[in-house]
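The values are calculated or read from the model by the stated rules, or taken from the named source; none is laboratory data. All of these numbers come straight from a predicted model, not from anything done at the bench. As a convention, Cβ positions derive from the backbone with ideal geometry for all residues, glycine included, and neighbour counts pool all protein chains shown. To get the accessible areas, we keep the full protein, side chains included, count just its heavy atoms, and leave off ligands, DNA and RNA. Shrake-Rupley method; radii C 1.70, N 1.55, O 1.52, S 1.80 Å.
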Amino acid sequence: MRPKIYITRKIPETALLKLAENCDVEMWQQESIPVPRDVLEEKVRDADGLYCLLTEAIDSRLLACAPRLRVISNMAVGYNNIDVGEASRRQIMVTNTPGVLTETTADLTFALLMAASRRIVEASDYLRSGQWTTWSPMQLTGQDVYGASLGIIGMGRIGEALARRAKGFNMRVLYHNRSRKEELEGSLGLVYTELDSLLEHSDFVSIMTPLTPETRHLIGERELKRMKPTAILINTARGGIVDEQALYDALLDGTIWGAGLDVFEEEPVSLDHPLLSLPNVVTLPHIGSASIRTRTRMAELAARSLLQGLTGDIPEHIVNKEAFVRRE
């Protein structure tokens, strides 16, 4: 009997066809509307595989509804939306899609850095609203990028890709990571430092670390006060890493100069969120990996990982491999 898969959002045709060749597939047909929770709980009851997005909370309650489930394939690098410990306890493989979005997310991160530093969105709104009536010496002036210092918190694949881009702008790159990357220090001229020192000496601080219990609100009131008053905070990782109330206060009172945010603690972010009221914040709707080629490759990788798990193999990008190595 063919395995049964449930897909929580409409995905690219190439990935869907790959799954349909080998499995019985049912898919939530909407692109912009998440699958309702009650529908998801019903559909996983007889599913062998679940193909999901970061918008779905795959928690213990949902897993209790899915006695046949063997693989959860998350079309994202991060997997904080999944209770991995509970999945492991139930012998359910969890996979993600690293690697394929590295360069695209680094592109977006650097674009956000430049947009925030040069007030691109603010300047565009200024023109479109009819406020541009003359030229003046300090009109809409921003911060320089070339030759500035960039601090990267989390030196994984995307952090490394961002560092390579920064070197093209002759930036001094500091980084903080759980472990030193001495090879990168040599090849890219990176400087390893403790977090407080990174915050104090960086003109730009870019968050590149996963969201875990240890990194939740890693950047709060204390950390923001250590940053330069001319500094800009960039977050394209996960919203929960930053204490958003503390960030709002710091931007409002001039503790730091600006911010660029692609992620929020709750997504979609509410239109009455205080951060959206500030002119010195560039805000985006979580589009870090949103190029046509990259999103298609992510979808195909998620499909391939799901099929690998359902055929009895250990997927290349399994995130809870230790639960299955012990079993073997």
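Whole-Hz Karplus values for segment 271-285 come out as 5, 9, 4, x, 4, 6, 8, 9, x, 9, 10, 9, 10, 10, x Hz, taken residue by residue from phi with 6.51 cos²θ - 1.76 cosθ + 1.60 and θ = phi - 60°; glycine and proline positions read x.
When each of the peptides 23-30, 174-181, 146-153 is scored by the mean number of other C-beta atoms lying within 10 Å of its residues, the order from highest to lowest reads 146-153, 174-181, 23-30. Using a Gaussian network model of the chain whose springs link C-alpha atoms within less than 10 Å, name the residue from 71, 269, 44 with the highest mean-square fluctuation. Taking springs between Cα atoms under 10 Å, the residue moving most is 269.
Shown are 94, 325, 77, whose ranking by accessible area with a 1.4 Å probe and every protein chain present, most to least, is 325, 77, 94. When the chain is treated as a Gaussian network with alpha carbon springs shorter than 10 Å, the biggest mean-square fluctuation among 110, 169, 264 belongs to 169.
Annotation for segment 263-325 versus segment 204-233: alpha-carbon center distance of 21 Å.
The string of couplings for segment 133-138 from the Karplus curve (6.51, -1.76, 1.60, θ = phi - 60°) is 10, 6, 9, 9, x, 10 Hz, one whole number per residue in order, with x for Gly and Pro. Using a 1.4 Å probe on the protein heavy atoms, what percent of the accessible area of segment 214-283 belongs to carbon and sulfur? That share works out to 51 percent. Within a straight-line Cα-Cα reach of under 21 Å, residue 18 can be paired with the following lysines, leaving aside sequence neighbours fewer than 8 residues apart in one chain: 4, 10, 43.
With axes computed from alpha carbons, what is the tilt in degrees of helix 157-167 against the longest principal axis of the chain, rounded to the nearest 10 within 0 to 90? Approximately 30 degrees, to the nearest ten. Simple rule: put +1 on each Lys or Arg Cβ and -1 on each Asp or Glu Cβ in the chain, find the dipole, and look at 137, 298, 166; the Cα lying farthest toward the positive end is 298.
Specify whether the C-alpha gyration tensor of segment 145-237 places it in the rounded, prolate or oblate class, a ≥ b ≥ c being the square roots of the eigenvalues: rounded for a/c under 1.5, otherwise prolate if a/b is larger than b/c and oblate if not.
Oblate, since a/c reaches 1.5 and b/c is not below a/b.
Residues in the chain average 49 Å² of solvent-accessible surface per residue, probe 1.4 Å, ligands and nucleic acids excluded. Annotation: lysines with alpha-carbon distance below 18 angstrom to residue 167 (same-chain offsets under eight excluded): 181.
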